[in-house]
1. Using only alpha carbons, build the gyration tensor for the stretch B:1-58 and give me the equivalent ellipsoid semi-axes, biggest first, whole Å.
2. Taking every pair of alpha-carbon atoms in the stretch B:21-159, what share in percent sits in each 10 Å bin, from 0 to the bin with the longest distance?
3. Can you tell me the dipole magnitude for the protein assembly as shown around its Cα centre, using point charges on the Cβ only (Lys, Arg +1; Asp, Glu -1), in Debye to the nearest 20?
4. Assign one of three labels to the protein assembly as shown, namely rounded, prolate or oblate, based on the Cα gyration tensor with a ≥ b ≥ c the square roots of its eigenvalues; rounded applies when a/c is under 1.5, prolate when it is not and a/b is larger than b/c, and oblate otherwise.
5. Could you tell me which Cys residues in the protein assembly as shown have no other cysteine's Cβ under 4.7 Å from their own Cβ, answering none if every one has a partner?
6. List the trypsin sites (Lys or Arg not before Pro) within the stretch B:60-159 that fall in a DSSP loop (any state other than H, G, I, E or B) and whose Cβ has at most 13 other Cβ atoms within 10 Å.
7. Grab the other residues whose beta carbon is less than 15 angstrom from that of B:PHE100, score K and R as +1, D and E as -1, and report the net.
8. How large is the convex hull of the Cα atoms of the stretch A:136-201 per residue, expressed in Å³ as a whole number?
Amino acid sequence: MREFALERPATLAAATVAFNAGGEAALLAGGHTLLPAMKSRLRMPDTLVDLSQVAGLTGITKEGDLLWIGAMTRHAAVATDATALPALAQLASGIGDPQVRNRGTLGGSVANNDPAADYPAAVLALDGIVETTAGSTKADDFFQGMFATALADGEIITRIGFRIPEKAAYAKFRHPASRYAVVGVFVAKFADGVRVAVTGAGPGVFRWEAAEAALNGTFSVAAVKGLVLDADDLNSDIHASADYRASLAGVMLGRAVAAAV
Amino acid sequence: MQTKLTINGVAATHEVSPATLLVELLRDGLSLTGTHIGCDTSQCGACNVLIDGVAVKSCTVLAATLDGAKVTTIEGLAKGDELHPMQAAFKENHGLQCGFCTPGMVMAGLEIVRRHGPNVSAETIAHDLEGNLCRCTGYQNIIAAIGAGAKAMGGKSNA
Ligand SMILES: Cc1cc2nc3c(=O)[nH]c(=O)nc-3n(C[C@H](O)[C@H](O)[C@H](O)COP(=O)(O)OP(=O)(O)OC[C@H]3O[C@@H](n4cnc5c(N)ncnc54)[C@H](O)[C@@H]3O)c2cc1C
Ligand code: FES
Ligand code: FES
């Protein structure tokens, strides 16, 4: 890794000052995306601002129909402690491996918005709110395609609110080596409608309107039988062709609905 | 930068650069070469150590961000000549061949005991070894070793 300066602020205000002190800066959470990227020199920040000493960024609290989770909450903690949202806990327990889950954080995953990451599907399907040092953004506006989000440079995610649904489930076809989603489908049924989010299949997480419409009719596996995505906008790579992903999304949708009903 | 760590029970202040990975401090700085680097891309688990009792890939953590933490490496498990029960189980169950992956496997085994207790099933062990690669054994004896080690530990996390 190229040398850099490390700042370990204790408050969000100090973190923002450190970030803007000059040169290229990056926020460090669990480091399980950023440090590998720095080793391969995809990222070469002059300054790393470590968020681990900033108070108030971890923990899970229920407020009304929202479950708020601090940005620095590690995947392992969500897997065991997000009992008010079992589908989210189950998603977290399937990220990477136990050692990755002991370091990686919710905020880091959502800020990074890897097109094959798991959390973005949950944030989008659960009608999430991303709270940051600059305000709040609805999930529908937050995710903007491959590795792109509504975050401005240096804006820090503080916590994420998930709307607690009547029923929900996540089904993913895991890449056998990395455990990232080849395709993952998160289905959430609310009193005012169904939301379906797809990760892994396209350049970024997106909602699947045809599946939502079908499930708003009847929330059953039969209602989505035979439904597949349009392959035109999907990824083709060494792991899977666009056609394969289109078909796989239908299978994952069926599994998620079966697990949710 | 300075970072205060208690490594295998020894508290000391270490001078590190911000970019020093924990595994680099252990191996190059402290000659604790039992912790291995198999991939350096966060995939193989050969570098697993315990930080405050929790297993972590030491190739993907900056030493300077751990100020105040307790680190346990493979060197910290045995009591003199007496192997830790998880180490003894690897020996008894032929849980290794070349031994390169073994330190990371033993640490992953301790993590499995911490999370699942002494009576963990072979299926759970296999599942929880997703972050550990072995190019020799075919995993069967590693799974058996961790199961036996878990029982021998009797549910104590012991690290
Ligand atoms: C072997 C391996 C397997 C993995 N498998 C999976 C998997 O199956 N599914 C999956 O979804 N992910 C997987 N991951 C990724 C893992 O979940 C990462 O931990 C996660 O994507 C990034 O979180 P982090 O806390 O490590 O963030 P970091 O690496 O510290 O940061 C990632 C990015 O987010 C920014 N950032 C971090 N926190 C904030 C914040 N609070 N506000 C604003 N910006 C912030 C950083 O500046 C950086 O750009 C895997 C990683 C590894 C190494
Ligand atoms: S060397 Fe750390 S995971 Fe392979
Ligand atoms: S025993 Fe050789 S790599 Fe596992």
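1. Largest first, the stretch B:1-58 gives 19, 13, 10 Å.
2. It works out to 13, 47, 34, 6, in whole percents.
3. 960 debye
4. It comes out oblate by the Cα gyration axes.
5. B:CYS98, B:CYS136
6. Within the stretch B:60-159, the qualifying trypsin sites (Lys or Arg not before Pro) (loop, at most 13 other Cβ atoms within 10 Å) are B:ARG135, B:LYS156.
7. Cβ neighbours under 15 Å give a net charge of +1.
8. Once divided by residue count, the hull of the stretch A:136-201 is 122 Å³.
Read-outs throughout are calculated quantities, based only on the coordinates presented, and are distinct from any laboratory measurement. No experiment lies behind these values; they were computed from the predicted model shown. Reconstructed Cβ throughout: ideal geometry from the backbone, glycine too, with neighbour counts over all protein chains shown.
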